[in-house]
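A short write-up of the structure that comes next.
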Amino acid sequence: MQFLTDDHVKLIYTDEGDGQPIIFLTGYSGIKEEWYFQRNFYVNHGYRVITVDWRNHGESARTGKNLTIKQLAADVNALSMYLKLDKVILIGHSMGASVIWAYQSQYGETHIAIIITIDESPKLTNDADWQSGVRNLNAQTMDFVLPTMMNQQMCMQPIDSKLRQLLAQQHESHFFDATLNAPLLANHALSDWRQTLADLSIPQLIVTGERSPIWQHDFCRYCEKIINDESRVVTINQVGHMPQIEVPEKFNEITLDFIQHKLGI
(Lines give C-alpha, C1' and ligand atoms only; values in the text may rest on other atoms or scores of the structure.)
Protein backbone atom coordinates (compact mmCIF):
# COMPACT_ATOMS: atom_id res chain seq x y z
CA MET A 1 0.00 0.00 0.00
CA GLN A 2 1.13 3.57 -0.56
CA PHE A 3 0.23 7.16 0.20
CA LEU A 4 1.65 10.63 -0.45
CA THR A 5 3.04 12.78 2.33
CA ASP A 6 2.23 16.47 2.68
CA ASP A 7 5.30 17.29 0.57
CA HIS A 8 4.37 14.68 -2.07
CA VAL A 9 6.76 11.84 -1.24
CA LYS A 10 5.42 8.32 -1.79
CA LEU A 11 5.67 6.10 1.29
CA ILE A 12 4.95 2.37 1.39
CA TYR A 13 3.11 0.91 4.34
CA THR A 14 1.28 -2.24 5.50
CA ASP A 15 -2.06 -2.33 7.29
CA GLU A 16 -3.33 -5.60 8.79
CA GLY A 17 -5.94 -6.65 11.31
CA ASP A 18 -8.73 -4.88 13.14
CA GLY A 19 -9.06 -3.22 16.51
CA GLN A 20 -7.02 -0.50 18.19
CA PRO A 21 -4.27 0.67 15.81
CA ILE A 22 -0.55 0.28 16.47
CA ILE A 23 2.00 2.05 14.26
CA PHE A 24 5.49 0.51 14.35
CA LEU A 25 8.33 2.88 13.46
CA THR A 26 11.86 1.73 12.63
CA GLY A 27 15.19 3.37 13.34
CA TYR A 28 17.64 5.02 10.97
CA SER A 29 18.30 2.71 7.98
CA GLY A 30 15.62 0.31 9.26
CA ILE A 31 12.83 -1.23 7.20
CA LYS A 32 9.28 -2.25 8.03
CA GLU A 33 10.13 -5.97 7.73
CA GLU A 34 12.01 -5.68 11.05
CA TRP A 35 8.62 -5.94 12.76
CA TYR A 36 8.09 -9.44 11.33
CA PHE A 37 7.61 -11.02 14.77
CA GLN A 38 5.41 -8.21 16.05
CA ARG A 39 3.00 -8.02 13.11
CA ASN A 40 1.38 -11.46 13.43
CA PHE A 41 1.61 -11.41 17.22
CA TYR A 42 -0.36 -8.21 17.60
CA VAL A 43 -2.84 -9.00 14.82
CA ASN A 44 -3.56 -12.30 16.57
CA HIS A 45 -4.18 -10.38 19.80
CA GLY A 46 -6.83 -8.21 18.18
CA TYR A 47 -4.90 -5.11 17.12
CA ARG A 48 -4.65 -3.29 13.82
CA VAL A 49 -0.96 -3.29 12.90
CA ILE A 50 0.57 -0.66 10.62
CA THR A 51 4.20 -0.53 9.53
CA VAL A 52 5.83 2.02 7.24
CA ASP A 53 9.09 2.63 5.40
CA TRP A 54 10.46 6.15 5.95
CA ARG A 55 11.36 8.29 2.96
CA ASN A 56 14.65 6.95 1.52
CA HIS A 57 14.14 3.68 3.39
CA GLY A 58 12.98 0.28 2.16
CA GLU A 59 10.39 0.45 -0.59
CA SER A 60 9.51 4.14 -0.14
CA ALA A 61 10.54 6.86 -2.58
CA ARG A 62 14.02 8.41 -2.62
CA THR A 63 14.30 12.16 -2.14
CA GLY A 64 16.73 14.78 -0.97
CA LYS A 65 14.12 17.09 0.50
CA ASN A 66 12.96 17.61 4.07
CA LEU A 67 15.24 15.06 5.72
CA THR A 68 14.52 15.95 9.35
CA ILE A 69 13.02 14.20 12.36
CA LYS A 70 10.18 16.72 12.46
CA GLN A 71 9.32 15.94 8.84
CA LEU A 72 9.21 12.22 9.62
CA ALA A 73 6.83 13.10 12.45
CA ALA A 74 4.73 15.02 9.93
CA ASP A 75 4.77 11.91 7.74
CA VAL A 76 3.42 9.83 10.64
CA ASN A 77 0.69 12.42 11.18
CA ALA A 78 -0.17 12.37 7.47
CA LEU A 79 -0.40 8.57 7.50
CA SER A 80 -2.56 8.62 10.62
CA MET A 81 -4.91 11.17 9.07
CA TYR A 82 -4.97 9.28 5.77
CA LEU A 83 -6.04 6.11 7.58
CA LYS A 84 -8.37 8.08 9.92
CA LEU A 85 -6.76 6.65 13.03
CA ASP A 86 -7.42 7.66 16.62
CA LYS A 87 -6.08 6.55 20.00
CA VAL A 88 -3.03 5.13 18.31
CA ILE A 89 -0.34 3.12 20.07
CA LEU A 90 3.03 4.31 18.77
CA ILE A 91 5.99 1.93 19.02
CA GLY A 92 9.32 3.29 17.81
CA HIS A 93 12.80 1.80 17.74
CA SER A 94 15.89 4.04 17.99
CA MET A 95 15.31 6.99 15.62
CA GLY A 96 11.66 5.93 15.47
CA ALA A 97 11.42 6.80 19.16
CA SER A 98 12.72 10.30 18.48
CA VAL A 99 10.11 10.65 15.73
CA ILE A 100 7.42 9.78 18.27
CA TRP A 101 8.67 12.50 20.63
CA ALA A 102 8.76 14.92 17.70
CA TYR A 103 5.20 13.94 16.80
CA GLN A 104 4.03 14.61 20.36
CA SER A 105 5.79 17.98 20.43
CA GLN A 106 4.18 19.05 17.14
CA TYR A 107 0.69 17.54 17.35
CA GLY A 108 0.08 16.88 21.03
CA GLU A 109 -1.26 13.76 22.71
CA THR A 110 -4.93 13.91 21.74
CA HIS A 111 -4.76 11.05 19.25
CA ILE A 112 -2.17 8.92 21.07
CA ALA A 113 -3.10 6.23 23.60
CA ILE A 114 0.29 4.79 24.55
CA ILE A 115 3.93 5.29 23.56
CA ILE A 116 6.60 2.58 23.56
CA THR A 117 10.19 3.54 22.74
CA ILE A 118 13.05 1.10 22.21
CA ASP A 119 16.69 1.74 23.09
CA GLU A 120 16.80 5.46 22.41
CA SER A 121 18.23 8.29 24.50
CA PRO A 122 16.32 11.58 24.32
CA LYS A 123 19.56 13.35 23.33
CA LEU A 124 22.24 11.74 21.17
CA THR A 125 25.03 14.30 21.32
CA ASN A 126 27.06 14.56 24.51
CA ASP A 127 28.26 17.84 26.01
CA ALA A 128 29.58 19.15 29.32
CA ASP A 129 26.18 18.72 30.99
CA TRP A 130 25.01 15.52 29.26
CA GLN A 131 26.91 12.25 29.00
CA SER A 132 24.10 9.81 28.17
CA GLY A 133 24.19 10.06 24.40
CA VAL A 134 25.85 7.99 21.69
CA ARG A 135 29.26 6.66 22.68
CA ASN A 136 32.01 9.17 21.87
CA LEU A 137 29.63 11.54 20.07
CA ASN A 138 30.04 15.25 20.73
CA ALA A 139 30.27 18.43 18.68
CA GLN A 140 33.95 17.86 17.98
CA THR A 141 33.70 14.17 16.97
CA MET A 142 30.45 14.30 15.00
CA ASP A 143 32.01 14.26 11.52
CA PHE A 144 33.86 11.06 12.38
CA VAL A 145 31.43 9.21 14.65
CA LEU A 146 28.19 9.62 12.67
CA PRO A 147 29.41 8.02 9.40
CA THR A 148 30.75 4.98 11.27
CA MET A 149 28.09 4.62 13.98
CA MET A 150 26.00 2.12 12.00
CA ASN A 151 28.93 -0.14 11.16
CA GLN A 152 29.11 -1.81 14.57
CA GLN A 153 27.36 -4.98 15.66
CA MET A 154 23.93 -3.95 16.88
CA CYS A 155 22.59 -7.29 18.09
CA MET A 156 24.04 -9.41 20.89
CA GLN A 157 21.74 -12.38 20.32
CA PRO A 158 21.46 -14.49 17.14
CA ILE A 159 18.68 -13.44 14.78
CA ASP A 160 16.14 -15.95 13.49
CA SER A 161 17.40 -17.28 10.16
CA LYS A 162 14.11 -16.65 8.34
CA LEU A 163 14.05 -13.01 9.44
CA ARG A 164 17.74 -12.56 8.66
CA GLN A 165 17.14 -13.83 5.12
CA LEU A 166 14.08 -11.61 4.66
CA LEU A 167 15.95 -8.50 5.79
CA ALA A 168 18.93 -9.30 3.57
CA GLN A 169 16.67 -9.71 0.53
CA GLN A 170 14.88 -6.45 1.19
CA HIS A 171 18.08 -4.49 1.74
CA GLU A 172 19.54 -5.93 -1.46
CA SER A 173 16.44 -5.00 -3.44
CA HIS A 174 16.10 -1.52 -1.90
CA PHE A 175 19.52 -0.01 -1.33
CA PHE A 176 19.96 2.35 1.61
CA ASP A 177 22.01 5.37 0.54
CA ALA A 178 23.91 6.61 3.59
CA THR A 179 25.23 9.63 1.70
CA LEU A 180 21.75 10.74 0.66
CA ASN A 181 20.50 10.27 4.23
CA ALA A 182 23.42 11.99 5.96
CA PRO A 183 21.35 15.18 6.59
CA LEU A 184 18.70 13.10 8.36
CA LEU A 185 21.25 11.42 10.61
CA ALA A 186 22.86 14.78 11.43
CA ASN A 187 19.48 16.31 12.28
CA HIS A 188 18.68 13.30 14.41
CA ALA A 189 21.99 13.64 16.27
CA LEU A 190 21.38 17.30 17.04
CA SER A 191 17.82 16.89 18.35
CA ASP A 192 17.03 17.13 22.05
CA TRP A 193 13.76 15.60 23.29
CA ARG A 194 14.41 15.69 27.04
CA GLN A 195 11.81 18.35 27.75
CA THR A 196 9.28 16.60 25.52
CA LEU A 197 9.82 13.38 27.43
CA ALA A 198 9.40 15.19 30.74
CA ASP A 199 6.17 16.85 29.52
CA LEU A 200 4.43 13.64 28.42
CA SER A 201 1.25 12.89 30.37
CA ILE A 202 0.23 9.66 28.61
CA PRO A 203 1.75 6.25 29.48
CA GLN A 204 5.15 5.51 28.00
CA LEU A 205 7.13 2.29 28.20
CA ILE A 206 10.87 2.76 27.66
CA VAL A 207 12.58 -0.50 26.66
CA THR A 208 16.38 -0.69 26.69
CA GLY A 209 18.93 -3.36 25.82
CA GLU A 210 21.33 -4.20 28.62
CA ARG A 211 24.24 -4.70 26.19
CA SER A 212 23.36 -2.03 23.65
CA PRO A 213 26.53 -0.86 21.87
CA ILE A 214 25.11 2.58 21.09
CA TRP A 215 24.90 4.44 24.36
CA GLN A 216 27.75 5.92 26.34
CA HIS A 217 26.07 5.76 29.75
CA ASP A 218 22.88 4.56 31.37
CA PHE A 219 20.36 7.08 30.01
CA CYS A 220 17.46 5.08 31.42
CA ARG A 221 18.25 6.33 34.95
CA TYR A 222 17.66 9.87 33.72
CA CYS A 223 14.41 8.79 32.07
CA GLU A 224 13.19 7.13 35.26
CA LYS A 225 13.53 10.43 37.10
CA ILE A 226 11.51 12.53 34.67
CA ILE A 227 8.74 10.28 33.29
CA ASN A 228 5.22 10.43 34.67
CA ASP A 229 3.75 7.96 37.15
CA GLU A 230 1.95 6.05 34.38
CA SER A 231 5.24 5.25 32.64
CA ARG A 232 8.08 2.85 33.31
CA VAL A 233 11.53 1.75 32.12
CA VAL A 234 12.34 -1.90 31.42
CA THR A 235 15.81 -3.20 30.59
CA ILE A 236 16.02 -6.56 28.82
CA ASN A 237 19.11 -8.50 29.83
CA GLN A 238 21.71 -9.88 27.43
CA VAL A 239 20.41 -8.04 24.34
CA GLY A 240 21.81 -5.25 22.24
CA HIS A 241 20.22 -2.40 20.35
CA MET A 242 17.34 -4.37 18.78
CA PRO A 243 15.49 -6.40 21.44
CA GLN A 244 12.40 -6.67 19.25
CA ILE A 245 14.25 -8.97 16.85
CA GLU A 246 16.82 -10.45 19.24
CA VAL A 247 14.30 -11.79 21.76
CA PRO A 248 10.92 -11.19 20.08
CA GLU A 249 8.90 -13.41 22.40
CA LYS A 250 10.22 -11.61 25.49
CA PHE A 251 9.77 -8.21 23.86
CA ASN A 252 6.21 -9.01 22.77
CA GLU A 253 5.33 -10.28 26.24
CA ILE A 254 6.64 -7.12 27.94
CA THR A 255 4.99 -4.69 25.54
CA LEU A 256 1.63 -6.47 25.38
CA ASP A 257 1.48 -6.66 29.18
CA PHE A 258 2.09 -2.91 29.42
CA ILE A 259 -0.48 -2.11 26.74
CA GLN A 260 -3.19 -4.31 28.23
CA HIS A 261 -2.55 -2.98 31.72
CA LYS A 262 -2.82 0.63 30.59
CA LEU A 263 -5.92 -0.07 28.49
CA GLY A 264 -7.54 -1.95 31.38
CA ILE A 265 -7.81 -5.21 29.44
Mean accessible area per residue over region 8-109 (1.4 angstrom probe, all protein chains present, square angstrom) is 32
Scalar couplings 3J(HN,Hα) for region 31-47 by Karplus 6.51 cos²θ - 1.76 cosθ + 1.60 (θ = phi - 60°), nearest whole Hz, x for Gly and Pro, are 10, 4, 5, 4, 8, 3, 7, 8, 4, 5, 4, 6, 4, 5, 9, x, 10
The FRET efficiency for I159 and Q2, from their Cβ-Cβ distance with R0 = 22 Å and rounded to 0.05, is 0.20
So D18 and H217, fully extended at 0.36 nm per residue minus their Cα-Cα distance, gain in nm 67.6 nm
The FRET efficiency for D257 and Q140, from their Cβ-Cβ distance with R0 = 45 Å and rounded to 0.05, is 0.60
On the accessible surface of region 111-265, probed at 1.4 Å with all protein chains in place, carbon and sulfur together account for a percent value of 48
If every Lys and Arg gets +1 and every Asp and Glu gets -1 at its Cβ, then about the Cα centre the chain yields a dipole, in debye to the nearest 20, of 140
antiparallel share of DSSP beta bridges within the chain, to nearest 5, in %, is 30
Residues whose built amide H sits under 5 Å from the amide H of Q20, excluding neighbours closer than 5 in sequence, are R48
Under the Karplus relation with 6.51, -1.76 and 1.60 and θ = phi - 60°, whole-Hz ³J(HN,Hα) for region 112-128, x at Gly and Pro, equal 10, 9, 8, 10, 10, 10, 10, 6, 9, 7, x, 8, 7, 8, 7, 8, 4
For the table K65/K87; K87/K262; K123/K225; K87/K123; K32/K84; K70/K250, the rows whose alpha-carbon distance is greater than 23 Å are K65/K87; K87/K123; K70/K250
Under the Karplus relation with 6.51, -1.76 and 1.60 and θ = phi - 60°, whole-Hz ³J(HN,Hα) for region 146-163, x at Gly and Pro, equal 4, x, 9, 4, 7, 7, 7, 6, 8, 9, 9, 10, x, 8, 3, 4, 5, 5
Amide H proximity to L137 below 5 Å, modelled H, separation 5+ or other chain, gives N126
For 121-128, 177-184, ranked highest to lowest by mean beta-carbon neighbours within 10 Å, the order is 121-128, 177-184
Taking the square root of 5λ for each eigenvalue of the C-alpha gyration tensor of the chain, the equivalent ellipsoid has semi-axes, largest first and in whole angstrom, of 24, 22, 20
Dividing the alpha-carbon radius of gyration of region 1-139 by 2.2 N^0.38 Å, where N counts its residues, gives 1.05
Spelling it out for V88: with amide H atoms placed in the peptide plane at 1.01 Å from N, the residues 5 or more places away or on another chain with amide H under 5 Å from its amide H are I112, A113
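The values are calculated or read from the model by the stated rules, or taken from the named source; none is laboratory data. If you're wondering where the values come from, they're calculated on a predicted model, not measured in any experiment. Cβ atoms come from the backbone with ideal geometry, glycine included; neighbour counts cover every protein chain shown. Areas reflect the complete protein model, heavy atoms only, side chains present, ligands, DNA and RNA absent. Shrake-Rupley method; radii C 1.70, N 1.55, O 1.52, S 1.80 Å.
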